[in-house]
Amino acid sequence: MNRDRRLREANVLTTKIVIVDDHQLFREGVKRILDFEDSFEVVAEGDDGSQAISLAEEYGPDVIIMDINMPHTNGVEATRQLIEKYPDSKVIILSIHDDENYVTHALKTGATGYLLKEMDADALIEAVKVVAAGGSYLHPKVTHNLVKEYRRLSVDEAASTSQYIPKVEIRRPLHLLTRRECEVLQMLADGKSNRGIGESLFISEKTVKNHVSNILQKMNVNDRTQAVVFAIKNGWVEVK
């Protein structure tokens, strides 16, 4: 039974994906991972950001996965051009850089996802699903770095205006989440992946995913990044 027939019989809505990366071996590896998902279809590939717009015009992808560093037109510039012409485009940036400056620049340009190339297969698949559904996805390590920078800037701002900087009292949201969900939320803020959380709590990745889904639903947020930012603002997690 071929792929198209399986999709028709299962009545699965296909997510069309374009991959743009100048390293062919890495591009093939990403495609191989995505091909494991029956609902994903890689419709085209490119090796430079300058091809992103033409590929978007020709194939109308739901998600474009784009390397940040390419020889002619880099991923951030290509994203800017793409969003300028097609504002509803959904782009996931792939990068080796976890520095918040790279991340914020990519997000300001219009990307809705940012993954480090050290990602595992589950993170890539989850990122595509979240972004395709209209959410945003940041690599857990990137989320942690952004949270630390947010906290640092808040402290620096208070110090520069001679404001009193109170000691942050962590109040776990037990009125909303279970104790286990509070533990998972803290580990999300620590930048742990689903696998890392599972290993720390001695539970399966599937159980972790269920906990994360419950957290997002109870907190009424779209993705784990929003959950962490909301938790930081409310003093529900510790920034380490």
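The values are calculated or read from the model by the stated rules, or taken from the named source; none is laboratory data. Every value quoted in this text rests on a predicted model; they were computed, and no experiment measured them. So basically every Cβ, Gly included, is an ideal-geometry build from the backbone, and we count neighbours across all protein chains shown. For the accessible areas, the whole protein counts, side chains as well, though only heavy atoms, and no ligand, DNA or RNA atoms are used. Shrake-Rupley method; radii C 1.70, N 1.55, O 1.52, S 1.80 Å.
Residues of the stretch 18-62 that are part of a strand (DSSP E or B), open to solvent by less than 20 Å² (accessible area, probe 1.4 Å) and touching a Phe, Trp or Tyr at 6+ places or on another chain (Cβ under 9 Å): Val18, Ala44.
Quick check on this structure: which one of Val228, Val168, Val142, Val221 is touching a strand residue (DSSP E or B) at 6+ places or on another chain (Cβ under 6 Å) and either at pLDDT below 90 or surrounded by fewer than 20 Cβ atoms within 10 Å (Cβ to Cβ) (or both)? Just a single option satisfies the conditions, and that option is Val142. Name the residue that is least open to solvent (accessible area, probe 1.4 Å), counting only residues in the stretch 67-85 that are assigned to a loop (DSSP other than H, G, I, E, B) and in contact with a Ser or Thr (Cβ under 8 Å, 6 or more places away or on another chain). This residue is Ile68.
Hey, does the stretch 27-40 have a residue that's within 20 Å of Val130 (Cα to Cα), among the β-branched types (Val, Ile, Thr) and in contact (Cβ under 8 Å) with a residue 40 or more places away in the chain? Even if it seems obvious, please write down each step before you answer.
Taking the stretch 27-40 first, the residues within 20 Å of Val130 (Cα to Cα) are 30-40.
Add one more test, that the residue is among the β-branched types (Val, Ile, Thr), and what stays is 30, 33.
Those still in the list that are in contact (Cβ under 8 Å) with a residue 40 or more places away in the chain too: 30, 33.
Yes, there is a match, as at least one residue in the stretch 27-40 is within 20 Å of Val130 (Cα to Cα), among the β-branched types (Val, Ile, Thr) and in contact (Cβ under 8 Å) with a residue 40 or more places away in the chain.
Yes/no matrix, rows are residues, columns are (1) modelled with pLDDT under 95; (2) out of contact with any Leu (no Cβ under 7 Å at 6 or more places or on another chain); (3) of a type in the set (D, E, K, R):
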residue	(1), (2), (3)
Glu57	yes, yes, yes
Asp62	no, yes, yes
Met66	no, no, no
Asn69	yes, yes, no
Thr73	yes, yes, no
Lys85	yes, yes, yes
Asp88	yes, yes, yes
Val91	no, no, no
Asn101	yes, yes, no
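Within the stretch 189-233, the set of residues being of a type in the set (Ser, Thr, Tyr), within 18 Å of the chain's Cα centre (by Cα) and part of a helix (DSSP H, G or I) comprises Ser213, Thr225.
Within the stretch 224-237, residues that are in contact (Cβ under 8 Å) with a residue 24 or more places away in the chain sit with their Cβ atoms under 9 Å from residues that are open to solvent by 70 Å² or more (accessible area, probe 1.4 Å) and assigned to a helix (DSSP H, G or I), at 6+ positions apart or across chains, in these pairs: Val229/Tyr150; Ile232/Tyr150; Ile232/Arg151; Trp236/Phe230. The set of residues from the stretch 193-204 being under 17 Å from Ile125 (Cα atoms) and open to solvent by 50 Å² or more (accessible area, probe 1.4 Å) comprises just one member, Arg195. In the set (1) at pLDDT 90 or above; (2) touching an Asp or Glu at 6+ places or on another chain (Cβ under 8 Å); (3) open to solvent by 80 Å² or more (accessible area, probe 1.4 Å), the condition left unmet by Asn214 is number (3). In the stretch 174-192, of all residues being touching a residue at least 24 places away in the same chain (Cβ under 8 Å) and of a type in the set (Lys, Arg), the one that is surrounded by the fewest Cβ atoms within 10 Å (Cβ to Cβ) corresponds to Arg180. A single member of Ala111, Ala121, Ala132 is surrounded by fewer than 18 Cβ atoms within 10 Å (Cβ to Cβ) and in the same structural domain as Ile65 (by the TED database), and it is Ala121. Considering every residue within the stretch 145-156, establish whether at least one is over 20 Å from Asp98 (Cα atoms), at pLDDT 85 or above and open to solvent by 50 Å² or more (accessible area, probe 1.4 Å). No - not one qualifying residue is present in the stretch 145-156. Please name all residue pairs, on different chains or six or more residues apart, with Cβ atoms under 8 Å, provided the first residue is in the stretch 106-119 and is of a type in the set (Lys, Arg) and the second residue is open to solvent by 10 Å² or more (accessible area, probe 1.4 Å). Correct list of pairs: Lys117/Phe26; Lys117/Ile96. Among the residues of the stretch 86-104, those that are in contact with a helix residue (DSSP H, G or I) (Cβ under 6 Å, 6 or more places away or on another chain) and part of a helix (DSSP H, G or I) comprise Glu100, Val103.
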